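Below is one structure, written out as structure tokens, with a few remarks after it.
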Number of protein chains: 2
Amino acid sequence: MRPFLHPKREEITLSGVLHALADPVRRAMFRRLAAHGPDSCIACAPPALPKSTLSHHVRVLREAGLVRSEKRSTEVSNTARLDDIEARFPGLIAVILGCKD
Amino acid sequence: MRPFLHPKREEITLSGVLHALADPVRRAMFRRLAAHGPDSCIACAPPALPKSTLSHHVRVLREAGLVRSEKRSTEVSNTARLDDIEARFPGLIAVILGCKD
């Protein structure tokens, strides 16, 4: 497995964050991660989501700077980068996650 | 010219709004409309943007419920639907437009 690539805090863009969170499945995944803390890919995904789709969504979240992924033995643990996003775009995540879908 | 179709306030979705504003050109156009009031398509676009690209961006903003378009003699006037968006998603537009790009 190649190492995961994460943008540095200062490389996180508003366009990337909005694009990533525009998708309702990714938004639900990120909401769970933000609310419940570090979690495995599997646990933070909607039930019955194909593994390839899940990987795609996690990758988009990771490349946008919203999620940090770490390999832990046989699975991948994902953490919401709340501090980084808050530092870049104050208030943004709270407002988006506070909106009714 | 066919009449413009606008989603009703209650039909405006968070996904549509985030998708529309994820694009930096559309975000800049919407920022100008929100700050300077009703404006023509031409006046709210970045210089040198092809007319077809402009029309596409305005359509995405309109279909997301961010902009109301009205034909005025020979041109189209676009207005930011700030009240509708604020009613649907309180605080969202202020936070997004307040973020540094």
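A few points about this structure:
- Length-normalised contact order for region A:12-98 - Cα pairs under 8 Å, 6+ apart - percent: 32 percent
- Here the protein assembly as shown is assigned +1 on the Cβ of each Lys and Arg and -1 on the Cβ of each Asp and Glu. Its dipole about the Cα centre then comes out at about 320 debye.
- Peptide B:13-19, shielding by other chains (average Cβ, 10 Å cutoff): 6
- Teacher prompt: A:Leu49 distances to equivalent labels in other copies, 7 Å Cα→Cβ, nm: 3.2
- Relative contact order for region A:59-98, counting Cα pairs under 8 Å that sit 6 or more residues apart, in percent: 27 percent
- Projecting 7 Å from Cα along the Cα-to-Cβ direction, the label point of B:Ser77 sits 5.9 nm from its equivalents in the other copies, listed shortest first.
- Shape of the protein assembly as shown, Cα gyration tensor, a/c cut at 1.5: prolate
- Selection among A:Pro3, B:Ala94, A:Ala35 by position relative to the dipole of the protein assembly as shown gives A:Pro3 as farthest towards the positive end (Cβ unit charges, Cα centre).
- Per residue of chain B, the DSSP helices (runs of n ≥ 4 H) give a summed -39500 (n - 2.57) that works out to -14500 deg cm²/dmol at 222 nm.
- HN-Hα J in Hz across region A:73-80 - Karplus 6.51, -1.76, 1.60, θ = phi - 60°, x for Gly and Pro: 6, 9, 10, 10, 9, 10, 10, 6
- Above-threshold pairs, the threshold being 25 Å between Cα atoms, out of A:Lys8/B:Lys100; A:Lys8/A:Lys71; A:Lys51/A:Lys100; B:Lys71/B:Lys100: A:Lys51/A:Lys100; B:Lys71/B:Lys100
Just so you know, all these numbers are worked out from the coordinates, no wet-lab data involved. Predicted model, so just to flag it, every value in this text is computed and none were measured. Here the Cβ is made from the backbone with ideal geometry for all residues, glycine too, and neighbour counts use every protein chain on show.
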